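Here's the structure, in C-alpha cells; my notes come after.
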Amino acid sequence: MGDAREERSSTGRSAPPTPEPGAAREPFLRSEDILRVQAVTASLLAKKITPHELFRHIVDGAADCLSADEASLMLVEGEELRVVSARKAGEHVTVRIGRTRIGEGVAGWVAREGQALLLDEGDDFSRFKNFTPKGGRIRSSLSVPLHVESRVVGVLNANRLAGGEKFTQEDLAVLRLFADTAALAIDQTNLLQTVQIRARSLQALLSVTDAFGSASGPDAALVKLMPGLGETFRPSLLLAFLGSGEVGRLPAVAEWTPRGGPCGAQQLGGIGLATTTEVTAAFRNRQPAWLRTPPLEGNVARHTLLPTRLLLVPVGTLDAPSRCAMLLGWEDPLFALPAEDLNVLEGLARQLELALSSQDRAAAVGALEAEMAQARTHLMEAERLATVGQSMAGVVHDINAPLTAVTAFGQLIQKESPDEKSRERAGHIIEAATRAQRLVRELLKMARPAPPTLELVDLPQLLKVAMDLERPQCAVTGVKLVAAFDPNVPHVKADPHRLGQVFINLLVNARQAMDSAEKGTTITVQTRRLERIVEVRFTDDGPGIPLAIKQKVFDWFFTTKPPGEGTGLGLAVSREILLAHGGNLRVEDSPDGGATFVLELPLTDAGSAAPR
C-alpha cells in the first residue's frame, strides 16, 4: 500500500519530483499544458463578474484542464474551509454541509501545510485526521493550496472516479499553475468589491443633501434617508432619533428594516433613546460607539428582539437645540464595520448636524452643497479606482502569465538540453523572469487589502523596498532618493504591508510636490532611535507647506491637487495606520526649506535589541 505523494521545496512551496535513477526524464510542465492553462485562466481576469460567477468559472477551468470528473473550490473562513463551488458529472451542485476544519481531512491538511497532494486509491490516508476514504469511488485526486503572499486562502480539488485514469505529476503541476492564477483572480475581485463598497458609502453622504433638500421637515427627511443607509450598511435594524430643547430621552422619528422598509414616528409607538452612560459618552466623544446594553425606553414591545450588535452614531452634542442620533443593529454578535465605514458614518453625522442646525439656513444650504460637490468628486474618483482595479487584474495577468511561461520553458531547457552553455543561458532567463515576478508581487502588496498582521519588521529593509518601487518615477522627474539609516535601530513590531503603504504614500507626496512646484531635487529618508521610540524622517528640499495648509494635511478628503489627481485620503490613512500601531505621524518645516514628515513607532521588549 503506497503513501500519498507530496512535494515540498526549501521555500515551503511545491516542487517538481526528482526522477528515479535510470528512469526516463519527464518534463515538469509540458508546453501544451502551459498553453492550455493560460487559455482557460486568461478569462478569469478579463471579465467583470461576481464572486459567485468567478468561483464557478474556476471550478469549470480546473475540471476542463484536467478532464476531471469532479472539482471543487474551498475558501478559508476563520478556522474552517467552506465549499463555495462544486461540479460533478459536468453539472454544478450545491454542497449542503460543505465545511471542514483546518487540519482535518485531505483539504484541511493541505490548507494547514500549504502543500499540494496527489492521492490514488489504495494510498495510506492515516495521516489525515477525521478522514474516511470514499470506498473505492474515487480512483485518483489532486488537492492544491491557493496562495496569496504567504497565506493559504483556499484549496482547489479535482477527482477522477473509479474506472478512469490516474492523475500524473504533470497534472498536479498544471493544477498548481491554474491555482496561482485563480488565487490572483479571487484577490483582485475582493479588491474591486472593497472599492465598490466605498463608492456606495460615499453615495450615502450625498443622500443627506437630497433628503433635506426635498423633504418638508427634519422628521420627513430622516425617513427619506433611511433606505439609502440600509442599502449601504446592510443592518437588520436602523433607527433615527430626534429631540429638541428638552433634556432626556430622544424620541424615535424614523425606522428601516430589510423586510418592512422605512416608517415614521406614528408607527413607532413612542419609543425613544435613553441617555445612558454609554450614550452620553458617545455624544461626548462625537464618535460612533458599539453599545453593550440596549438603550431603548418607552413602549419597547415593538422591539423585544433587538439585534445583538448595536452601533450608536451621535449627531452633534446633547445640549444642541436639535439633538439627533442613529442606531444600527446587526444579528451577528461578532459583526464589525471596516474602519472606512466608521469614518463614513462620522462624516454622515457631521452633515446631519449641519442640516439640523438652526443657524443661518442659507449658509447651511451653501455649505451642504459644497460638501455635496466634494462628495460627488470623491464618488467619481472611487468609481475611477474601481475601473482601474478591474483593469489591473488583466494587466497583472498579461505580465505574470508570460513570465510564468518563460520560467517554465527555462526550467525545461535546463533539464533537457545537453548543451551546458544553453543551460547556463536558461538560468539567466529564469533569474530575470523571477526578478520581474517579484516586482509584480511587490506592487500587488501595495494595492491589496491584507488583514493586519503584527510581526518584527526590519525598517531599513522595508524602506529599501519602498524606495526601489518609487525610484523609477523619481528618476523621470530628476529627484534623487538618499538613504541615511542608523545601523543600530532595532526591529519594530508592526504590520509590514500597512507600513509599506505609508512609506510609498510619503515618497509619492514629496515627489509630486517638488514636481508640481518645479523646486527641489532630493528626498532623504533617515532612521534613528529616541529612547522608547524609533523615528523615520522623510525630508525633501521642495516648496514646503504653508501654515494654513499644514493644519489640514491630515484631514480626510483634504487635497491641494487638481480634481481627478488626488483623493485627499493618503495622509489621513497613513496617520490612522500609525495611530493604530501606537505611534504618530506629524509634519515639520525643514531648516533649509522643504518639508519633513516624521513617523514615530513605539519599541516593544521583543524589538528593543539592535539587529545583528
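Cβ crowding within 10 Å ranks 592, 69 as 592, 69, fewest other Cβ atoms first. A crude spin-label estimate for the pair residue 289 and residue 317, with each label 7 Å from Cα along the Cβ direction, gives 1.6 nm. Under a 5 Å amide H cut-off, with hydrogens placed 1.01 Å from N, residue 236 pairs with 329, 330, 331 among residues at least 5 apart or on other chains. Please give the Cα centre distance for region 225-271 versus region 319-352, rounded to the nearest Å. Value for the Cα centre distance between the two parts: 13 Å. Overall, region 215-356 carries a charge dipole of about 120 debye about its Cα centre when +1 sits on the Cβ of Lys and Arg and -1 on the Cβ of Asp and Glu, all other atoms neutral. For region 215-356, relative contact order (Cα pairs under 8 Å, six or more residues apart, normalised by length) works out to 23 percent.
Annotation: extensible slack from residue 518 through residue 281 equals 80.4 nm (criterion: 0.36 nm per residue apart, minus Cα-Cα distance). Stretched out straight at 0.36 nm per residue, the stretch from residue 162 to residue 549 would grow longer than its current Cα-Cα span by 132.1 nm. A 29 angstrom limit on the alpha carbon distance is what I want to check against. Which of 519/550; 480/550; 421/464; 464/493 exceed it? With Cα atoms farther than 29 Å apart: 421/464. On the beta carbon distance between residue 266 and residue 423, with R0 = 60 Å, the FRET formula returns roughly 0.10.
With the simple spin-label model, which puts each label point 7 Å out from Cα in the Cβ direction, the residue 508 to residue 124 separation comes to 5.3 nm. Under Stokes-Einstein, with the Kirkwood radius over Cα pairs as Rh, the value for region 215-356 at 4 °C and 1.567 mPa s is 87 µm²/s. Stretching the chain fully between residue 231 and residue 94 yields a gain of 46.5 nm (0.36 nm per residue, less the alpha carbon separation). Taking the fewest neighbouring Cβ atoms within 10 Å as the starting point, the ordered list for 256, 330 is 330, 256.
Ordering 399, 271 from the fewest to the most neighbouring beta carbons within 10 Å gives 399, 271.
A crude spin-label estimate for the pair residue 150 and residue 480, with each label 7 Å from Cα along the Cβ direction, gives 3.6 nm. Whole-Hz Karplus values for region 460-465 come out as x, 5, 5, 5, 5, 4 Hz, taken residue by residue from phi with 6.51 cos²θ - 1.76 cosθ + 1.60 and θ = phi - 60°; glycine and proline positions read x.
Values in this text are rule-based calculations from the coordinates and carry no lab data. As the structure is a prediction and not an experimental result, all values here were calculated from the model. Here the Cβ is made from the backbone with ideal geometry for all residues, glycine too, and neighbour counts use every protein chain on show.
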